[in-house]
Each structure stands twice: as structure tokens, then as C-alpha cells.
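Participant: Got a structure for you, questions after.
All of the numbers you see were taken from the coordinates with simple rules; none came from a lab. The structure displayed is predicted, hence computed values, not measured ones. Note that each Cβ is placed from the backbone with ideal geometry, even for glycine, and that neighbours are counted across all protein chains shown.
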Amino acid sequence: MTSTGISRLFPAVLAVIILALASVAPVAAAEADLAPLVQEFSNRKYDPKVEAIEKLGASGDMRAVAILKALGNRDLYTMKSGDRVVLARETADGMAISDPVTGEDLGTVPEKALQKIRLNNRMRRTISAAIGTLTLMSPDAAIRGDAAESIFLSRDDDDLEVLDAALAKETDPDVKLLMEQARAAIVLENGSPDEDLIAAIAVVKSRGDRDALSVLTGLANGEGPVAEAAKEAVTGIENRLELWGAAQNVFYGLSLGSVLLLAAIGLAITFGVMGVINMAHGEMIMIGAYVTFMVQELIRTSAPWLFDYSLFIALPLAFLIAGLIGMAIEHGVIRFLYGRPLETLLATWGISLILQQAVRTIFGPTNREVGTPDWMSGFFKLGELTLTYNRVYILFFSFAVLALLMLVMRYTAFGLQMRAVTQNRPMAGSMGIRTGWVDKLTFGLGSGIAGIAGVALSQIDNVSPNLGQSYIIDSFMVVVFGGVGNLWGTLVGAMTLGVANKFLEPYAGAVLAKIFVLVFIILFIQKRPRGLFALKGRAVEQ
Amino acid sequence: MSHFSSALTRTAAALAVGAGLAWGTAAHAADTIKVGILHSLSGTMAISETTLKDVMLMLIEQQNEAGGVLGKQLEAVVVDPASDWPLFAEKARELISNDKVAVVFGCWTSVSRKSVLPVFEELNSLLFYPVQYEGEESSKNVFYTGAAPNQQAVPAVDYLMKEAEVERWVLAGTDYVYPRTTNKILEAYLKAKGVAEEDIMINYTPFGHSDWQTIVASIKEFASAGKKTAVVSTINGDANVPFYKELANQGIKAEDIPVVAFSVGEEELAGLDTAPLVGHLAAWNYFQSVESDENDAFVEAWKAYTKNPDRVSNDPMEAHVIGFKMWVQAVEKAGTTDTDAVADAMIGISVPNLSGGTATMMPNHHLTKPVLIGEVQDDGQFEIVWETPGTVVGDAWSDYLPGSKDLISDWRKPMSCGNFNVATGKCGGQGE
Amino acid sequence: MSGLLMRSLDRYAVAFFVLLAAVAILVPLANLTLPAGHPLHVSTYAVALVGKYLCYALLALSVDLIWGYVGILSLGHGAFFALGGYAMGMYLMRQIGTRGVYGHPELPDFMVFLDWKELPWFWHGFDQFWFAMIMVVVVPGLLAFVFGWFAFRSRVTGVYLSIITQALTFALMLAFFRNNMGFGGNNGLTDFKDILGFNLQAGTTRAGLFIASAIALGLGFLICRMLVRSRIGQVLIAIRDAESRTRFLGYRVEAYKVFVFTLSAAMAGVAGALYVPQVGIINPSEFAPANSIEVVIWVAVGGRGTLFGPVIGAVLVNYAKTYFTGALPDAWLFALGGLFVFVTLFLPQGIVGAVRQGWGKVSRRKRSGDEPAKPASQAAE
């Protein structure tokens, strides 16, 4: 759309708005000013759009907030005939459109009649800065705080006036601090007398985080008292962050450990307890992930409101389906191979090939999308620690699964029978335990747990036919390192390997860190040939 | 003696299986033209390559409906090299010498191309390679229909420098030859543009890397130096989903630290919830969202062929579309499927690409391509935010690498050389 | 010694050698002398393919020697194979000389375009064929010796040993993937031109490599056969069946194990070295743990502890793979996976074992039990 196009259209749009205003209610005269700015969004070039956003931000008109938010959420469209900018919402019989400024209902049009307004990163950045400026005076303290934050990040000296006005009125101490920091950042960015700068450095330093660092680092490069002050502030913040950095690394390590643990627990049963070299273990994880995908797919088509609970629905289903498949494998193949562990390797390898290809045939070879529920997205801050929700939940989830499994092993009749059968099969049999049935259930349990691990791993990794392959080797390492047949060993093994890996990674890089961990395992096994927590007694000699 | 002979027969039975195939298949009567498709349908690369096999089958079907080539029907020969690189070479030989295919469309990874290259040269057959790659190669027998680094990486960096005013760069890639070479080129390019050493961070990760916490955190740290920072990602296939998930979870938004990727297209995004990734960038020569009649027709046909209305298209698919059209034209022009005649006829052929322009096969066996930059949208598609005014000629030998800056490739007679050194005036690298 | 040789060459072994010699002579001959249209002509494709199978067979033989006769299940034997292959690959790389795309007289192409200035130290010497050939045996052998010396002395056994061999090959794979290592990273070594001055793409060179592979397989078979029929072989089998008891009897179990493990690794290295010029590429995916597991599967399919078995298994499984990937490209994993399950369930002794059992029944019926004492290798099953 060219500028002549706009000017040709402009009178028509104005007329509509004036009509609308006349018919609804005569409000403030300033309102008429927004409409031409909004109409600028129909431009195909980005520069005029960015300019319009900035002007909307500077207008001080609270209605601009909703308009900018709609723009940011991509709810604004242009009509293909006439280029009018409208707000549109999807309904059953098409797109319900309305005027973005007045809210006037303009009826329903088919989707094809509308064209989404294009956004780019610069526009998005300008929008959040503009919303920040506009909401500085909001009655809600939290919104004012966010506004001050976004001004801190944009550091636009046009905002200084508004900020000063807001500061004068601000009563909430937390928000006031944020505003002062934002003001200091603007001062630092745009140059002032030295004493102002040094004062501003102190204010920004009090934040003590990465954002403060990015404001200060630029100043620290020069000479003179300001640079000195900035340098000192930077070192102070860096020292503080370094400590937090170590804590952060521990979290990363535990988080990686929890992933390893989840992947390995099932194997600790099928391999560790039953002695089956279960190469199809990874595919059980994969099946769990695909169950999650199917559950979400069903929810998307038939009950979208359930989406946040999709993982809770998927968990028992994944356990059941993977468990049943595991039992079928045990019944069809594994039970003929007890006492011949190395042959289970061969058979389960074959099964894993078949399962992979089956999934590839059914679901296609490409990645499938498993969504993250809202409560698992994003992160929260604990001091300077960035903790992502999904990692935190997975960490606790892995502990919960392990704890539950230990309880089952220790305190249930099935757990008792399971231990009895694995320790001394003929004796257990002669005590009346149906050893065949217990084997089947045990293998099902291990597979089922791999299935629920798949549900969790679908949140952080690809859901593809190759999913299982990427975990199988790590899982074996963990179980063997921890000591075959010992669940505590699996826990300690997973966490040790996770933390070791994450502490090596910043120095050695991701590849070398992994190599070092593998070499460490090899050397460790020389020292303790039966892993961290070795089983003792004759049972070992098999 | 009877024992001996019975033992002999038993061992013979076993070894004969191996030897048996030695006296292999006899050539069929050729009333069709065979087209080999050499894409992994299993193993790690199946995720990307299976789609290309389907595209080829569709194109061949369409061509047959339109009357075939030279009055003959085309016959697709599909094999599975199973993401196993020596198997690629074996299968290539099988296609060429047993199945007698006239041309092969295939390969994805650089290593698979390197593995089959000697086979194609030895048996003098043609390969169409559809994926963006590191360059530094020009074979008489290979037509590179994907992008060379100057058709993807360099313009993308230019865009970020000019439009997003990026001053600090993270070059993150999977540790293999394409990212290594691309990053070498970009590093040289950025330094030539005045970017300081300390404003470039280079990071490599293994294939299938899934734990990105540390690296994403270090990117955040690198970005907090008060300069606008961007990530140039040459992270390969499988590792991308966990990478983007981690970016989203750690709250890195495109407004703050944009990530521009060279290996992430519509297919890769299909496995992701893209809402938190809106605004991150990708540079390709084609996006599904391109507005042109050719593209609308192709996308529609593709969805109908796969019977899946959600099926997406991507850049390597377009490369096969272009490559196939070119091959058909070259065969028609040459009047034969003979390798040398077709290879000569290929150079200079122009066909419409899917983005509304034309692709021309250059004498260096690379294509002219437009460069498009797209931003990820919440529906898994890309919004094109920038494109080159015209098309860019693919450069087999990068000007930014010391080893190759003097090399050019021209397969027209009389030069017919893939690595002509303009400094020494000799064919064959650095001469001597 | 000659007694041992005679004992090793029973009628089965002789039959094996006769067949191997027939293949080694007839296949290249049919390829080189018969015209392409002749019904008995063997295509170059088939020569390359069978040559590859022969290398795999030698690799499988080396695994069978330690798994079938000493009970060491190595899930990392692919590492030794790949190391041998890399040693050969480095020689072939150096032979390219100025014929690389950049024409650099000394550096391989991948070093030129990644802007390496000089040849890393470990590449020196590989321009000499004899040096490379020594390295083919020494590098895998030395690694196996060191690894085995530590592992067996610490009495790491069973699955623990299997898993750390897997860790070994996995770590090596990651290391070789790194471009900084100087082995060409993911692309590995490729684009070879000639070996000892003979063009690798020439039919006669292929025939030569084919015959060399057959000879290597035959020699490997003979060495294994002599070893397991010797006194040492008896001790090895004792170790496999009751390691602690053998140790109590005063045998130095570790020494035997290290010896056989090293020998087996060297054999795998030779197999790798012959494999590389025939397939034209060596890259880190040869180190992939899945590859090593596959080798174990060839042995199991053919019949563990039989020496014939691994050869048959390697040829059969790989032929199945070649055939299925062409004939059933979308479903061949079902067939291959199904084959593995079938073999474990119904042929627990592998093909050779099953044939022997079947044969045993028939011949017992024929000769009503007057068969002489079974040869040791059968008793060892």
C-alpha cells in the first residue's frame, strides 16, 4: 500500500469513525487521533508501522494499550478490500471483526477477506516498550512494575519525562525502586554530568543481575571516574553472579541427572533386577512419548480445555500401554530366554528394530509435536537462579517415581515375590509363587516405568522414532555405574554423572565433557568392577 | 570321501549365499527410463529424507501423467541406505550398475554425498543433491540444487547487521563439516566487516545434543554485554527441538536475542509448539508461505498426494522440484539420457522456481537462488521479512576461505574444470 | 606345531578353505575375464559387495574368538575395526598427494578448507605403506592390550565388561566426530585415489583387494582354529565355562584373556583396513555402538563358538540387509528384526549349531552311535 493509497482512504476511514463516535457517545476529542495511527498498520513497510507504534505509545491514551496488545498477539488484520485495519476474532462462521479503536462491531466476514498484519522483531520490541510507557500510571502495582522493567530494557530517553511523573506519584517501594533503576539506566545510556552518572551506576548496581551488567559493561571500557565506578560495579556484580553460577550449574547437573534417572529406572528393573539385556528399553520410552502425543491429539480435537491436564491423562495410559507391550514381549520372547542373558540382547535388539519401524510406519518418520502445558512453561527466579518449570517438575517427578517404585518393591506382596524370584527362582517356585507370572509383571513394570519416563521426556526432547536410541546407551551406563540390581545405585549414579557432566561442560565443551564422563566410567569400573553399590554374596557369581 | 563331500556341500550352501548374488541380475529391456532415489528411510536421517523420497515419487508420477520423458515413462527405483554412509556408496553402485538408472536424486548429509561421490565419478552417472551445504566442492557428476553458503549464511548475517543492528554474534553449531565451514566463512566475513574477535562466540555440540541448559545460559551471559546480540545457528536436525524448547523455557525472546537458523525449516517446526518462538529467524531460498502461483499449485498437489492437509513443504523439497524439472528439460534437449550429453545440456537451463522467479543452472553446477529471511510464526510457518532483490549465484568455492579464494569452477568446454585456480591458471587446486 | 596344524585342519576346515579359495579365485576371474553380457559375469558391484562381506566375516570371526571361546562379550569391537580402518584411511589420504581438490602437496582437503597450517604429528609416517600396515595392527592391538590389561586384572566380567567396551567405542566415536581431532570429523576420510600406486577404481585393484580379503579371512580362520585346538584353547574354554575354577587351578586367567583380546582386536583392525579401500570411506559412525552390537548379532545368528558360524552369519545377515534395503525399502527393519527374534527363539545355537544338531540326528540314525569322540570345538558348545 502506498502513501497515496492511505491518503485516499483516510477520509473514508475518518468518516466511519466520526459516524461511529456520533452514534455511540461523544467522548474526548483525543480519541479521534488514534484512528489514523492505527490505520498506518495497513502499510506493508515496517518503518511507518514502527513510527505509528511509537506515537501510540507517546499518546498517553490508555486505549492504545489494548490496541498494541492486539497487534502484538496478531489479532489485527487489514480488510483485503479497502485496507481498513480491523480487530478480528475467530468464530464458528468466520471472522468476527470490529473496529480496534472504538470496538464497534463490524459483522462477520470469511477468513479469506482478511490479511494478517505483519510483525517483525523490531515492531515487537517497540510494542513492548510502548506498552511500558503507557502503563506506567496503571492503578495495578504489578503492571507498573512490568512497565518500569520494559523501560529499563529499552532505555529510551523519550520515556524520561513520563518516568519522572510516575516516580513522583509512586507509593509502592518495590515499584519505586524499579522505576529508579529504569531512570538510572536511561541516564546512563544517554549521557549526563559525571556525578549523575556515578549516582546512576550505584542505582543500577543494586540490581546485581545480568541486565544490570549489560547496562554497565559498555561504560566500564573508558577512562575517568565514571568508568572506574562502572568497572567496580561490574566486578562486584560479576563476583556475585559467579557464586550463583555455581549453584545454577548444580541445578543443571541435577536436572540432567533426573533425565538420566528417569530413562534408567525402567532399565534398572528389566536389566538390573531381571538380568535381561533389554535393548528395547529405549523403545518403551518412545512408546510413552507417542502415547502423550496421541492423548494431546485427542484432546486438541475433542476437548481443548483439558489440555493442561494432558500429561496427567497420559501418565497412566503410557504406563499401561508400555507395560502391556512389555508383558507381551516377555510372554512371546523373553520367557524362553531366562538364564541366557546374552541372547536376550539379540532378541530385544530385533524387537527394538521392529518397534522403531512400526512407529515410523504408523506415525511417520518426522517429529511429532507434543505441547507443553502452561504450568510447565517458562521459568522462575530464585535469587539469580533461573529455574525452568519443566526441569523442576521433571526433577521432582523422577524422585517420585523412584520413591514409589522402592515402596512397591519393599512393602507390597508383589514386590516381595519379585525379589524372591530374582534371588532364588526354584526356591520361590517351591514356595508357591507363580514365577512365570511374577516375571511377566516385573518386565511389565519396568516397561511401564519406561513409558512414563517417555511422557516426561516428551517435554524436553524430540518425539520421533529415534527417541529411544538416544537414551539407551546412557541408561545402560547409569545402571552399570550405579551397580546392577540396586535402585539406590541408579539414583546416585544418575545424579553423579549428570552433575559431573555439567561441571565439565563449561570448561571442556559439550563433546569433551561427555567423553570425559565415559572415560571416567571405564576407569571407575576398574576400581569397582561391580559398580557403585555392588550386590554381595553368591548371587553375584552368575 | 562321502563325509568330506557332505561337509563340502554344507559349507558350500552357506558361502553360496554370498557368492550367489555375484551372478546378479541381468539387465532388463529398457522401455522405461529409471530414476534412482537414494534417501534414507530408516535410521537417524529418515526424519528428514523420507519426505524427499515422497516428493520425488510425486514428481515422477506427475511427469508420467504428462507423457513421461522422450516418449518413455519414468520408473522410480527406491532404495534405503539407512543413514549408513558406506551403505550409501553401495546403494549408489547398485542403482547405477544393477538397476541402470539414468539419474539419481538423493543424499542429505555431506558425508553421504562424499561417500557416493567417487562412485558417481567412476561410473559416470548423475546425482542431484538437494540440500544446503558447505560448498568447497564441484564435481562433474553432481548438480547442487541446494544453497551454497553465500546463498544463505552470508545474506542472513547481512540482514541482521543492517536491519536488526546486531553487533555481537554467537555462532552455534553441531560439530560437523557444514557448521564448521559455514562458521569459518562467517567469522572471516564478520571480521572483514569490523566485528571484533571478542564479539564472536563459537560453540559446537555433538549430534543429537539434548541438554541445552548450559549453552543457552552461556548465550544469555554473552548477550549481557550491552550490545545487541544474535545467534547464528547451524544446529542440525534432531538437536533443534530441545534447543528451541530450552530457549523458550529460559524466556529468551526473539526481540532480545534473535536466533537465525540455516537448518530449521517447516518440517523441523512441525515437531514444536512455535508460540514461544515467534520472531526467531531462518534463512532459506524457499518458504512454504511464499506467495506465487507455482507454489500454491505445488503445495496443493503435495497435500493431495500425501493425503494430509497439514503436510508442510520446505526448501530441500523445492530444490528437488527445480532439479527434476531441469533434468527433464535437459534430457529433452539432449534427446538422450546419456550422462555426458545431459550434463552438457544442463548448464544454462532455466526453470521457474516456486517463489515466482527462475532458477538457472550455472556452469559451476550450482543454481541461482533468491535468499529469503523468514520469521517463525505461531502456526509453524515463516513470515518472509526480507528477500534479496534478485537471485544470487551459488559459489562453489568461498571467497572467504584462504584455501579456496582463488578457485573457480566451470564445467563448460573447453575449461571443464571443477577447481580452476585463477592465480596459477591451472586446473587442479593450487597447481603443481 | 605341524601336529597342531593337522589337528586344526579337519575335513570341515578343509572344505571351508576349498570354498574360500574357490570364491577368491573365481569371483575376480569372472569379473575380469568374462564380458559384461556373459551369464556368468560377476559385476564390479558384486565384487565390491562380497569383498565387504569378507571383511565383515573376519570381524565377526574376531568377535567369536573372544565371545565364543573365552566368554568375553565385547560390545565395542567396532572400535578396533574402525581404528584399523582409520590407519588405512590415513595412508590412502596421504597417497592422494596433489590430486586433492585444493592440490595441496601435503595436507588432506579437509584440513585445507578448515585452514590447518601443517600436518598434525600423528599423521606423519602414514605416507609409508609399511608404517600404516604396522599401525593397522598396532593401534587396535595396543588399545585392546591396555584396556584389557586394566579390565581383566580388575576382574571386570560379564555385562560390566560389555558395557564398558560399549563406553569405549562410544567415547571414541564422539572423539572422532570432533573436527579438532584432525581425522576429518563427521565426513571422515574419503575420496581415495590409489593404493601402492594402483588405481582404486580399476578392476584389477578391486580383484587384488578382494583376494587379499579372502586370504586375510582364511589366515584369520586358521589362526583361530589352531588357537582353539591348542592347549591354550583348552584353557580359554575352561575360563569361559568356569573362570574362578580355572584361576584356582593356577592358570593366570588375566594373561590368557589379555592375549586373546589383543589378538582379536588386531584381527578386527586388519578387517577394517581391508574394508576401507573397498567401500571408499571411513568415518566415525563405524564406532557407533549399534554397529558393534550388530557384529555380535552376526555371530549369534551364525553360531557362537563355532568359527564357521560367524563367517556364515556375517555373510547371511549382510546379504539380507543388502537385499531387503533394495527390495523392501520401507519395511526391511521388520524383516531384519524378525530374523533376529526368530534365530534366538528357534535356533539358539545359531545356524551352524542347528545344522549340526539336525545333522547329528541324521548321522546317528545312519551309523547307530558308532561316531568317534566329538571334536573339541563341538564339545565346547
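Participant: So what is the 222 nm mean residue ellipticity for chain B from helices alone, if each DSSP H run of at least 4 adds -39500 (n - 2.57) and you divide by all residues, rounding to the nearest 500 deg cm²/dmol? Mind showing how you got there, number by number?
Facilitator: Numbers: 12 runs with 156 residues, N = 432.
Computed mean residue ellipticity for chain B: -11500 deg cm²/dmol.
Participant: Can you list the HN-Hα couplings for the stretch A:446-459, worked out from phi with the Karplus curve (6.51, -1.76, 1.60; θ = phi - 60°), rounded to whole Hz and with x for Gly and Pro?
Facilitator: x, 5, x, 5, 4, x, 6, 4, x, 4, 5, 5, 4, 7
Participant: Still on this structure, I have one more. Give the cross-link partners of B:Lys53 among the lysines, using a straight C-alpha distance below 23 Å as the criterion and excluding same-chain residues fewer than 8 apart.
Facilitator: Of all the lysines, those that pass the test against B:Lys53 - Cα under 23 Å, at least 8 places apart if same chain - are B:Lys34, B:Lys72, B:Lys91, B:Lys100, B:Lys114, B:Lys303, B:Lys307, B:Lys325, B:Lys369, C:Lys321.
Participant: Measure up A:Lys527/C:Lys257; B:Lys184/B:Lys426; B:Lys333/B:Lys413 against 21 Å on the Cα-Cα distance and list the ones that go over.
Facilitator: Details: A:Lys527/C:Lys257 19 Å; B:Lys184/B:Lys426 26 Å; B:Lys333/B:Lys413 18 Å.
Table pairs above 21 Å Cα-Cα are B:Lys184/B:Lys426.
Participant: Rounded, prolate or oblate: which fits the stretch B:272-321, taking a ≥ b ≥ c as square roots of the Cα gyration tensor eigenvalues, rounded meaning a/c under 1.5, else prolate when a/b beats b/c? Walk me through the numbers on the way to the answer.
Facilitator: Numbers: a/c = 2.12, a/b = 1.41, b/c = 1.50.
Oblate shape, in that a/c is at least 1.5 and b/c is the bigger or equal ratio.
Participant: Nearest 10 degrees, 0 to 90: what angle lies between the long axis of helix A:310-332 and the longest principal axis of chain A (Cα atoms)?
Facilitator: Roughly 30 degrees, rounded to the nearest 10.
Participant: Which lysines, if any, have their Cα less than 26 Å from the Cα of A:Lys169, not counting same-chain residues under 8 positions apart?
Facilitator: A:Lys55, A:Lys69, A:Lys205
Participant: For q = 0.06, 0.08, 0.13 Å⁻¹, what log10 I(q)/I(0) does chain A give under the Debye formula with an equal point scatterer on each alpha carbon and no solvent?
Facilitator: With no solvent term, the Cα-only Debye profile gives -0.48, -0.76, -1.19.
Participant: Hey, what D do you get for the stretch C:43-104 in µm²/s if you plug the Kirkwood alpha-carbon radius into Stokes-Einstein at 4 °C and 1.567 mPa s?
Facilitator: D = 92 µm²/s.
Participant: Right, another one. Taking the alpha carbon gyration tensor of the stretch A:351-427, what are the square roots of 5 times its eigenvalues, largest first, to the nearest whole Å? List each step's numbers first, then the result.
Facilitator: Details: eigenvalues 246, 149, 16 Å².
Ellipsoid half-lengths, sorted descending, are 35, 27, 9 Å.
Participant: Across 20 Å bins from the origin, how do the percents of Cα pairs in chain C run, short distances first?
Facilitator: Final binned percentages: 27, 57, 16, 1.
Participant: Need one number: % antiparallel among DSSP beta bridges in the protein assembly as shown, to the nearest 5. Intermediate values should be presented prior to the final figure.
Facilitator: Numbers: 43 of 77 bridges.
Close to 55 percent.
Participant: Same structure again: In whole Hz, what ³J(HN,Hα) sequence does the stretch A:516-532 give by Karplus (6.51, -1.76, 1.60; θ = phi - 60°), x for Gly and Pro?
Facilitator: Listing the rounded values in order: 4, 4, 5, 4, 4, 4, 4, 5, 4, 5, 4, 6, 10, x, 10, x, 4 Hz.
Participant: In addition: List the chymotrypsin sites (Phe, Trp or Tyr not before Pro) within the stretch C:3-56 that DSSP assigns to loop and that have no more than 16 neighbouring Cβ atoms inside 10 Å.
Facilitator: On the way: sites: C:Tyr12, C:Phe16, C:Phe17, C:Tyr45, C:Tyr53, C:Tyr56; in loops: none.
For chymotrypsin sites (Phe, Trp or Tyr not before Pro) across the stretch C:3-56 that sit outside H, G, I, E and B with at most 16 neighbouring Cβ atoms in 10 Å, the list is empty.
Participant: Based on DSSP H runs of at least 4 residues, each adding -39500 (n - 2.57), what is the mean residue ellipticity at 222 nm of chain A after dividing by all its residues, to the nearest 500 deg cm²/dmol?
Facilitator: On the way: 20 runs with 361 residues, N = 542.
Computed mean residue ellipticity for chain A: -22500 deg cm²/dmol.
Participant: Charges at C-beta only: +1 for Lys and Arg, -1 for Asp and Glu. How large is the resulting dipole of the stretch A:136-221 about its Cα centre, in Debye rounded to 20?
Facilitator: Values: 8 positive and 19 negative charges, 58 e Å.
Taking the Cα centre of the stretch A:136-221 as origin, the dipole is about 280 debye.
Participant: Under a point-charge model restricted to the Cβ atoms of Lys and Arg (+1) and Asp and Glu (-1), what is the dipole moment magnitude of the protein assembly as shown relative to its Cα centre, in debye to the nearest 20?
Facilitator: On the way: 105 positive and 127 negative charges, 1636 e Å.
Dipole magnitude for the protein assembly as shown comes out near 7860 debye.
Participant: Students often get this wrong, so check it: of A:Lys49/A:Lys112; C:Lys117/C:Lys193; B:Lys220/B:Lys405, which have C-alpha atoms separated by over 25 Å?
Facilitator: Details: A:Lys49/A:Lys112 23 Å; C:Lys117/C:Lys193 23 Å; B:Lys220/B:Lys405 35 Å.
As for pairs spanning more than 25 Å Cα to Cα, those are B:Lys220/B:Lys405.
Participant: Related question: Loop-only check: which trypsin sites (Lys or Arg not before Pro) in the stretch B:338-432 are DSSP coil with at most 15 other Cβ within 10 angstrom?
Facilitator: Details: sites: B:Lys405, B:Arg412, B:Lys426; in loops: B:Lys405, B:Arg412.
When the trypsin sites (Lys or Arg not before Pro) of the stretch B:338-432 are filtered for loop state and at most 15 Cβ neighbours within 10 Å, B:Lys405, B:Arg412 remain.
Participant: If exposed means no more than 13 neighbouring beta carbons inside 10 Å and the site is in a DSSP loop, what's the longest run of chain A without any exposed GluC sites (Glu not before Pro)? Present the calculation step by step, with values, prior to reporting the outcome.
Facilitator: Values: sites that count: A:Glu223, A:Glu541.
It works out to A:224-540.
Participant: Where does the longest stretch of chain A lie that holds no trypsin sites (Lys or Arg not before Pro) found in a DSSP loop with 15 or fewer other Cβ atoms within 10 Å?
Facilitator: Values: sites that count: A:Arg44, A:Lys45, A:Lys80, A:Arg434, A:Lys536.
Result for the longest clean stretch: A:81-433.
Participant: Among B:Ser263, B:Ser224, B:Thr181, pick out the residue whose Cα is farthest towards the positive end of the charge dipole of chain B, where Lys and Arg carry +1 and Asp and Glu carry -1 on C-beta, about the Cα centre.
Facilitator: B:Thr181
Participant: Still on this structure, please answer the following. In the stretch B:127-206, which trypsin sites (Lys or Arg not before Pro) are in a loop and have at most 13 other Cβ atoms within 10 Å, using DSSP for the loop call? Before the final figure, lay out the partial values.
Facilitator: Numbers: sites: B:Lys140, B:Lys162, B:Arg168, B:Arg180, B:Lys184, B:Lys191, B:Lys193; in loops: B:Lys140, B:Lys193.
Passing sites in the stretch B:127-206 are B:Lys193.
Participant: Next question, about the same structure. With all distinct Cα pairs included, what does the Kirkwood hydrodynamic radius of the stretch A:236-316 come out to in Å, to one decimal, could you say? Intermediate values should be presented prior to the final figure.
Facilitator: Values: mean 1/r = 0.0629 Å⁻¹.
Final number for the Kirkwood radius of the stretch A:236-316 is 15.9 Å.
Participant: Let me know the Kirkwood hydrodynamic radius for chain B, please, with Cα pairs as the basis and the value in Å to one decimal. Mind dumping the intermediate values first?
Facilitator: Numbers: mean 1/r = 0.0436 Å⁻¹.
It is 23.0 Å.
Participant: Need one word for the stretch B:150-284: rounded, prolate or oblate. Basis is the Cα gyration tensor (sqrt eigenvalues a ≥ b ≥ c); a/c below 1.5 gives rounded, then a/b vs b/c decides. Display every interim value, and only then the final one.
Facilitator: Numbers: a/c = 1.43, a/b = 1.26, b/c = 1.13.
Rounded shape, in that the Cα axes give a/c under 1.5.
Participant: Could you give the Stokes-Einstein D for the protein assembly as shown in µm² per second, using the C-alpha Kirkwood radius, 10 °C, 1.306 mPa s?
Facilitator: My calculation gives 47 µm²/s for D.
Participant: Which whole number in µm²/s is D for the stretch A:136-221 by Stokes-Einstein, with the Kirkwood Rh taken over Cα pairs at 25 °C and 0.890 mPa s?
Facilitator: Values: Rh = 12.8 Å.
Here the translational diffusion coefficient equals 192 µm²/s.
Participant: Taking amide hydrogens as modeled 1.01 Å from N in the peptide plane, which residues meet the under 5 Å criterion relative to C:Val42, leaving out close sequence neighbours?
Facilitator: C:Asn31
Participant: Here's another thing I want to ask about it. Between helix A:46-59 and chain A, what is the angle of the helix's C-alpha long axis to the longest principal axis, kept within 0 to 90° and rounded to the nearest 10?
Facilitator: The two axes meet at around 70 degrees.
Participant: Would you please give the residues with an amide H less than 5 Å from that of A:Leu467, counting only those at least 5 places away or on a separate chain, with H modeled from the backbone geometry?
Facilitator: Close amide H contacts, sequence-distant or interchain: none at all.
Participant: A further question follows. What residues qualify as long-range amide H neighbours of A:Phe533, i.e. H under 5 Å apart, gap of 5 or more or another chain, H built at 1.01 Å from N?
Facilitator: So A:Phe533 has HN proximity to A:Gly483.
Participant: Short version: ³J(HN,Hα) in whole Hz for each residue of the stretch A:389-405, in order, from phi by Karplus 6.51 cos²θ - 1.76 cosθ + 1.60 (θ = phi - 60°), x for Gly and Pro, what are they?
Facilitator: 4, 4, 5, 5, 5, 5, 4, 5, 4, 5, 5, 4, 4, 4, 4, 4, 4
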